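Reviewing the structure listed below.
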Amino acid sequence: MKCRKCGGKASINMRQHRLALCKEHYLEWIPEQTERFIKKYRMFTKDEKILVAVSGGKDSLALWDILTRLGYQADGLYLALGIDGGIDYSDESHRLTEEFAQANNLKLHVVNMEQEYGYSIPTLSQVSHRGHGKPCAVCGLAKRHEMNRIARDLGYDVLATGHNLDDEAAVLFGNTLHWSAEYLLRQGPVLPESDGLARKVKPLCRFYEREMTAYAIARGIEYIYDECPFAEGSQQIFYKEALNQLETARPGSKLTFYTRFLEARQSGNLFIEKDIEHAHLHPCPQCGQPTSTPDLCSFCRMVEKAKTG
Amino acid sequence: MTAKLILRKKEYEVKSGMSLLDALKKSNIVPESVIATRDGELITDDEILKDGDVIKLIAVISGGAG
């Protein structure tokens, strides 16, 4: 397979875009596309101060790398959650984040949950009896709270997270399965600033998880490869796997699922019940059946078209 | 005449001469869920596997870090 830009050997093939690129052109393409999405969704400008939530994972470190390369003022925030799981999970992700910041001469803020509040996330989960024995709900809540607090306290204009399209599609899938209308109406690449809440943006929301992994590898970013020990068997991972099965059989399914949702939400028509009784129906001049299309109904139009070849 | 796929700590032996995509499918690995490298370089899944090839697969799915 050849790179579409230079004809050299391709390093990645993105079936949903029918685009194969070599390493060099892929490393150019990802930041270019990120810039395009930042502008398309009006996330932030070069004059604004961005706080990037970095976890030591591939997505957030790649995001920090890309924003810095694009010339944005992006500092990092690492939340030390105190998760061990037998693999020093938090310590290792902290180490990798610190190393990335130092190697690239970037400013990193660190909040240690245990030092700040007296509890690591797993302990807080136990003592607060939230989350049915798993700390994921407490972790999500604490992260959202702390990211917002630091962004506001330190005067950042916007908080950026490394959510990729697979993350977004999995959330969308879950919310659709449960028809959680309120959550569906809130999901998007930008959550505008409101009273007490910093603006939140997801500049990587149009990239597949696979593409971000490829970017991190091609760029030589060392990230924490192990999953969070508590993530095993999680619903989000189950949804991601299901969507990847679908994507393998029907390339572009995840992208279409997410982008069509965004279009529907933006159009304002998501969940607005149409007044079916008073829809503008008129009898088809040919068959007499009610139709909303101008002139002939769709069936008669099809038959007419077939007759005329 | 075999090649080897390695995903996390698991190894899969496949016949050489087939494409990486076919090898992934035969090993019941969802192609969308991995990135493949050979000698540290990214490769696409139309690559024909050669005898003795060792392909390191990197799982792409993550669920939270910190």
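Here are the numbers for the structure shown:
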item	result
Residue in segment A:256-271 that is under 20 Å from residue B:31 (Cα atoms) and either within 16 Å of the chain's Cα centre (by Cα) or crowded, with 18+ Cβ neighbours inside 10 Å (or both) present	yes
In segment A:84-104, the residues that are of a type in the set (A, V, I, L, M, F, W, C) and modelled with pLDDT of 90 or more	A:96, A:100, A:101, A:103
Lone unmet requirement of (1) more than 30 Å from residue A:84 (Cα to Cα); (2) within 14 Å of chain B (Cβ to nearest Cβ); (3) not in a helix (DSSP H, G or I) for residue A:257	(3)
Complete set of residues in segment A:199-232 that are in a loop (DSSP other than H, G, I, E, B), at the interface with chain B (Cβ under 8 Å from one of its Cβ atoms) and in contact with a Phe, Trp or Tyr (Cβ under 7 Å, 6 or more places away or on another chain)	A:228
Identity of the residue in segment A:13-43, among the hydrophobic types (A, V, I, L, M, F, W, C) and within 14 Å of another protein chain (Cβ to nearest Cβ), that ends up nearest to residue A:188 (Cα to Cα)	A:30
Failed item in (1) within 14 Å of another protein chain (Cβ to nearest Cβ); (2) under 22 Å from residue A:53 (Cβ atoms); (3) touching a residue at least 24 places away in the same chain (Cβ under 8 Å), with residue A:252 passing the rest	(2)
Failed criterion for residue A:183 (all others in (1) crowded, with 17+ Cβ neighbours inside 10 Å; (2) part of a helix (DSSP H, G or I); (3) out of contact with any His (no Cβ under 9 Å at 6 or more places or on another chain) hold)	(1)
Unmet requirement for residue A:77, which otherwise passes all of (1) touching a Leu at 6+ places or on another chain (Cβ under 8 Å); (2) part of a helix (DSSP H, G or I)	(2)
Condition met for residue A:90 (buried (at least 17 other Cβ atoms within 10 Å of the Cβ), within 12 Å of another protein chain (Cβ to nearest Cβ), more than 23 Å from residue A:163 (Cβ to Cβ) and more than 21 Å from the chain's Cα centre (by Cα))	no
Residues within segment A:151-180 that are within 14 Å of chain B (Cβ to nearest Cβ) and more than 24 Å from residue A:271 (Cβ to Cβ), tallied	4
Subset of segment A:165-220 (residues that are in contact with a strand residue (DSSP E or B) (Cβ under 7 Å, 6 or more places away or on another chain), of a type outside the set (S, T, N, Q) and within 27 Å of residue A:14 (Cβ to Cβ))	A:189, A:190, A:200, A:201, A:203, A:210, A:211, A:214, A:217, A:218
Condition met for residue B:32 (within 11 Å of another protein chain (Cβ to nearest Cβ) and either among the β-branched types (Val, Ile, Thr) or within 22 Å of residue A:246 (Cα to Cα) (or both))	yes
Residue match in segment A:158-167 (condition: at pLDDT below 95 and over 20 Å from residue A:234 (Cα atoms))	no
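The values are calculated or read from the model by the stated rules, or taken from the named source; none is laboratory data. If you're wondering where the values come from, they're calculated on a predicted model, not measured in any experiment. Positions of Cβ are backbone-derived with ideal geometry, glycine not excepted, and every protein chain shown enters the neighbour counts.
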